[in-house]
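One structure is given below, encoded as structure tokens.
No value in this document is a laboratory result; all are computed from the given coordinates. Computed from a predicted structure; not experimentally measured. Cβ atoms come from the backbone with ideal geometry, glycine included; neighbour counts cover every protein chain shown.
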Amino acid sequence: MKLRTKLSLYSTLSKLIVLVAFIIIVPLIVSIVSTQHTDNRLQNMKDKVIKLVDKVGIKEFLQEEEDSVYADYNILKEEYIVIEATEKVIPAVQFENTERVWEGGTVNYRVLNVTFIYGGHLYLLEIGKSLVLVKELNGVLQKVAFFVLIISFAITILLNVGYSNYLLRPFHMIIEKKLKNVYHPEKFNFETIPTTTSDFIYLDQTINEMMRKIRDAFSREKEFISNVSHELMTPISVLQTRFENMLAEGRLDEETSLKIIESLKTLNRLKKITNTLLLISRIENEQYLKNDNLSLKSLAEEVFSEIEERFTEKNIEASIRFKDDFIFRSCNHDLLFTLLFNLVNNAIKYNKENGKIFVNGYYSGNNFVLEVEDTGIGIPLEQRSHIFSRFKRLNSNSTEGYGLGLPIVQTIAEFHDIQVFVNSEPGKGSIFKLIISNTDKNNS
Ligand code: ADP
């Protein structure tokens, strides 16, 4: 789940919890406050009634005939007062909630009960106030709170999504502009991401600093390899000439001559490795021009005619299958030849007797795909990430090669902004995929 979705969800959920709590608590508070308020009103009414009794006498309240009960109900039955003679003393004012049945309907009342003495007799005063209004108010408040919840929920989601988008924009810019598609430390984008959030400024600066260190280490390594390879070439050539001269003079016995021939082979191997390393560092140092326009189909044909003999040696059936041709503009012909040659050469090396090799070319969306497909031994999944590392020879059975073929492929591909992918099934074969973006400069 994306960070902004998580943030919006978290924030919305926390607000939702607060709102739900609010909905539960509001009626409770309303009920406490209204009960308090009703009790106060009942107390006031009690005081007034007792004052009135003191002033006008109890006879005014009690009817002549019955002489003991007085009852007064207002027309909507919202309030009533009852005075009656009693014998049971209520020491302090009492409040209770009770139900009264009126003409078929039940009404809830808050009732005050108190006893008082008048003229030597004990009387019970009961004042009731209907709770219908309080209940109605509670219902209305709950509905309002519910609508407020729904509306606030919708507004909160919109605001949260908008705000997290705005807040996290620099973070996404760092990912999009800097971290995605970093194939090469030298192609890293060091531009400062505009933001006022100090955490993102820190993140941006730290990534830049880290990438500078990586780039510097990479340059130092490149320079070192370039210097070492260059320096090694002279002594190798001197030794080679010396050995060749010794052989040419013909004064050596057979055993020594054989040893010299073996040494020459080793020297040759060393020379090839050094040359390859020099080639890689020259490509990395951009010492090659890119001023050729090249048909990839004819490049495949060129590689096939160069390597044809090796197909026959292993009885391999090889074919070029291009749905469309592609003209690669502003490229280096020799380097692309080496790239394709190395892939086809590996497809032969790691193929089985009577195997097959296909070089496919087709458009896939906006890209052109060049594939080298073989029916060889395949590459186990755990080895796939190492095959482009220098000197990694994963198939020790093969006597050819030094583990530098694929690193060259990778370096030439990077130099031409080509992406390389490998699909493979051990025992069935491999496909090396080159993805070339079909930009304005590259089109057929
Ligand atoms: P080399 O072929 O000299 O060993 P490469 O750099 O060309 O070096 O290849 C590295 C490793 O990748 C090889 O040792 C081999 O194990 C594996 N590999 C490369 N291409 C293929 C292929 N077409 N099929 C199977 N394995 C391959």
Assuming 0.692 mPa s and 37 °C, estimate D for the stretch 75-177 with Stokes-Einstein, Rh taken as the Kirkwood radius over Cα pairs, in µm²/s.
-> 172 µm²/s
Helix runs (DSSP H) in the chain reaching 18 Å along axis by Cα, Kyte-Doolittle at least 1.0 = 132-173
Viscosity 0.692 mPa s, temperature 37 °C: Stokes-Einstein D of the chain from its Kirkwood Cα radius, in µm² per second?
-> 103 µm²/s
Label-point gap, in nm, between GLU255 and LYS177 - each point 7 angstrom along Cα→Cβ | 7.3 nm
With r defined as the distance between the Cβ atoms of LYS323 and LYS428 and R0 fixed at 22 Å, what FRET efficiency is calculated, to the nearest 0.05?
-> 0.40
May I ask for the net charge around GLY378, where only other residues with Cβ less than 12 Å from the Cβ of GLY378 are counted and Lys, Arg are +1 while Asp, Glu are -1?
-> 0
Distance from a point 7 Å along Cα→Cβ of ARG220 to each backbone N in the stretch 164-187: keep the residues under 19 Å and list them by number.
-> 185-187
Proxy exposure order for LYS356, LYS46 (fewest C-beta within 10 Å first) is LYS356, LYS46
From the cross-link list LYS48/LYS129; LYS222/LYS265; LYS222/LYS433; LYS46/LYS135; LYS180/LYS222, the entries with a Cα-Cα span beyond 18 Å are LYS222/LYS265; LYS222/LYS433; LYS46/LYS135; LYS180/LYS222
The stretch 320-370, convex hull of Cα, quarter of hull surface, nm² -> 4.3 nm²
Would you mind classifying the stretch 267-369 by shape? Square roots of the alpha carbon gyration tensor eigenvalues, ordered a ≥ b ≥ c; an a/c under 1.5 is rounded, otherwise it is prolate if a/b is larger than b/c and oblate if not.
-> oblate
Centroid-to-centroid separation of the stretch 300-322 and the stretch 110-172 [C-alpha atoms, Å] | 86 Å
ILE117-ILE151 FRET efficiency (beta carbon distance; Förster radius 60 Å; 0.05 resolution) | 0.55
Between ASN315 and ASN438, how many nm apart are label points set 7 Å from Cα along the C-beta direction?
-> 4.1 nm
Would you mind ranking THR156, THR98, THR196, THR241 so that the residue whose beta carbon has the fewest other beta carbons within 10 Å leads the list?
-> THR196, THR241, THR98, THR156
Can you give the longest stretch of the chain with no exposed loop site, where a site means GluC sites (Glu not before Pro) in a DSSP loop (not H, G, I, E or B) with at most 12 other C-beta atoms within 10 Å?
-> 192-285
Fraction in percent of alpha-carbon pairs per bin - 10 Å, the stretch 3-142 | 10, 31, 25, 14, 9, 6, 4, 2, 0
Extent along principal axes [Cα atoms of the stretch 3-72; Å; largest to smallest] | 83, 21, 10
Long-range tail of P(r) for the stretch 198-284 (Cα pairs > 16 Å, %) = 66 percent
Points 7 angstrom from Cα along the Cβ direction at ILE17 and GLN419: gap in nanometres?
-> 4.2 nm
Would you please name the trypsin sites (Lys or Arg not before Pro) within the stretch 75-180 that are DSSP coil residues with at most 15 other C-beta atoms within 10 Å of their C-beta?
-> LYS88, LYS180
